[in-house]
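For reference, the structure discussed in these notes is given below.
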Amino acid sequence: MAARRLSSLLSRSLSAASPSSSSGSAASLLRSGGRRVSRFSTAAATEELIIPPVQISHTQHLINGKFVDAASGKTFPAYDPRTGEVIAHVAEGDAEDINRAVAAARKAFDEGPWPKMSAYERSRILLRFADLVEKNSEELAALETWNNGKTYEQALTAELPMLARLFHYYAGWADKIHGLTVPADGPYHVQTLHEPIGVAGQIIPWNFPLLMFAWKVGPALACGNTIVLKSAEQTPLTALYVAKLFQEAGLPPGVLNVVSGDGPTAGAALASHMEVDKVAFTGSTDTGKIILELAARSNLKPVTLELGGKSPFIICEDADINHAVELAHFALFFNQGQCCCAGSRTFVHERVYDEFIEKAKARAVKRVVGDPFKKGVEQGPQIDNEQFEKVLRYIRSGIDSNATLECGGERLGSKGYFIQPTVFSNVEDDMLIAQDEIFGPVQSILKFKELDEVVRRANATRYGLAAGVFTKNINTANYLTRALRAGTVWVNCFDVFDAAIPFGGYKMSGIGREKGIYSLHNYLQVKAVVTPLKNPAWL
């Protein structure tokens, strides 16, 4: 991994990486298990599954430095999406658990050592945590795959290194946050202070549990805040694991509190809590609206939102078709299609459209679907039955709308939540599969003729999270990157995530930016301090 640039850990590698192995390790056990799965066949989803070599040790809330049961004593099940079977019972938080967690975070901020600790000492704790992530990466990757369904190789070789990298990045920022001295029109000394905002409420999604943990927790802690984090009810396990690592790194009690529970109960209680000073949420646009309303109706707390997308991926007539097919395939099917910025509207120039369709279909048919713990598997199951059924409904909608089903379109196997990689051609802008966020392995391919036309059509959406452009012409690239109304535009690449690159959307894809220096602004207050000067030597 050292030879690969961190900025492209989550981008498409067009040549297979050779994973490292260690004798007797969890990684080597998983990589050697079983025969290679069949491609695009029911065998992929029905053959014997690998038993993950990891123990589920943390299922309680972390509140004020202690793992505790829910106040109600209730639990809810966590599932293995490969089978739909229960793998753990996790404490089910509600408003009372949120109250306890917020009280701990408030006390840690108002009275505890964290905001009063030197920024250098805070950075050292973040660095120790990052080192512990690297030390425990194989177990974390196995737990993430087991509870989420993403491939183990993706979790281990891309997401865990990025998790550590993000905390190294924010550790570096901790002692570089400062205000300014501002000249004034008169005998006054004016300075600005950048102060931590206080108690941050954070709600993370299920599609990238560990990375979203880092996107939220990293900048908040670097700025000196305390946190109450609610994990997604579908994927609560890894947030609790890394919370334990933070304890080992020396994070004081109450600084980071993790509550598991449902959105309408625990999530709503957090967003509307009067003692929470700021809320950050990643998830669907509809839920984001609710979060914003709850925050406004309570104490008008500031909110950052990273929401849905329907990202265009534009393939121009000068494209290298083989490369474009592979990149567009990755842009859509990465992470089982469960990616908010997925290139889910593939616009292809009419001159290369037919060739692209044939090759895109062939690539999808070759996609390896099966047990995500097995080497060579490209696609695991969808997260749960609700998402599984939602994707299948959109596939039926595409068929009913007279889009051409090129391949896929059905369940794969009889157990778990596996779906065949699906490709539609002859998709029109008014079809639901071209308008709604499907969040699954369904590629919709549309035809365009002129650049002005494709810009108009690409922007004709309520979303504006990301876009992709594939062209050899720098003038075309420059025109499209400025014309597309999206928070990120990738040119001749896709899904390149770096700790320093900001991420967020236009329109109904969200408010604010995460990652990079911009994310720090979400967790700071700016205070102006004005002091009179008596007989100043200069102004």
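The values are calculated or read from the model by the stated rules, or taken from the named source; none is laboratory data. Computed from a prediction, not measured in an experiment: that's the story for all the values here. Please note: Cβ atoms are built from the backbone with ideal geometry, for glycine as well, and neighbour counts cover all protein chains shown. We work out accessible area using only protein heavy atoms, side chains counted, and drop any ligands, DNA or RNA first. Shrake-Rupley method; radii C 1.70, N 1.55, O 1.52, S 1.80 Å.
For residue 153, work out the one condition from (1) charged (D, E, K, R); (2) open to solvent by 30 Å² or more (accessible area, probe 1.4 Å); (3) closer than 14 Å to residue 80 by Cα it doesn't fulfil. All conditions are met except number (3). Only one of the numbered conditions (1) of a type in the set (S, T, N, Q); (2) in the same structural domain as residue 351 (by the TED database); (3) within 30 Å of residue 189 (Cβ to Cβ) is not met by residue 535, and that is (2). For the range 123-135, the count of residues that are of a type in the set (Phe, Trp, Tyr) and in contact with a Phe, Trp or Tyr (Cβ under 7 Å, 6 or more places away or on another chain) is nonzero. Filter the range 150-164 for residues that are of a type outside the set (Phe, Trp, Tyr) and either modelled with pLDDT under 95 or assigned to a helix (DSSP H, G or I) (or both) and give the result. Selection gives 153, 154, 155, 156, 157, 158, 159, 160, 161, 162, 163, 164.
When residue 535 is tested against (1) open to solvent by less than 70 Å² (accessible area, probe 1.4 Å); (2) part of a loop (DSSP other than H, G, I, E, B); (3) of a type in the set (S, T, N, Q), only condition (1) is not met. Taken over the range 445-464, the criterion of being open to solvent by 40 Å² or more (accessible area, probe 1.4 Å) and in a strand (DSSP E or B) is satisfied by 447 alone.
Yes or no, residue by residue, for (1) in contact with a Pro (Cβ under 6 Å, 6 or more places away or on another chain); (2) closer than 22 Å to residue 223 by Cβ; (3) touching a residue at least 60 places away in the same chain (Cβ under 8 Å):
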residue: 269; (1), (2), (3): no, no, yes
residue: 274; (1), (2), (3): no, yes, no
residue: 290; (1), (2), (3): no, no, no
residue: 299; (1), (2), (3): no, yes, no
residue: 305; (1), (2), (3): no, yes, yes
residue: 310; (1), (2), (3): no, no, yes
residue: 316; (1), (2), (3): no, no, yes
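Please give the number of the condition residue 479 fails out of (1) in contact (Cβ under 8 Å) with a residue 24 or more places away in the chain; (2) open to solvent by less than 30 Å² (accessible area, probe 1.4 Å); (3) of a type outside the set (Asp, Glu); (4) not in a loop (DSSP other than H, G, I, E, B). Going through the list (1) in contact (Cβ under 8 Å) with a residue 24 or more places away in the chain; (2) open to solvent by less than 30 Å² (accessible area, probe 1.4 Å); (3) of a type outside the set (Asp, Glu); (4) not in a loop (DSSP other than H, G, I, E, B), residue 479 breaks only (2). Please work out if residue 181 is touching a strand residue (DSSP E or B) at 6+ places or on another chain (Cβ under 6 Å), farther than 26 Å from residue 254 by Cα and open to solvent by 40 Å² or more (accessible area, probe 1.4 Å). Yes; evaluated as a whole, the condition is true for this residue.
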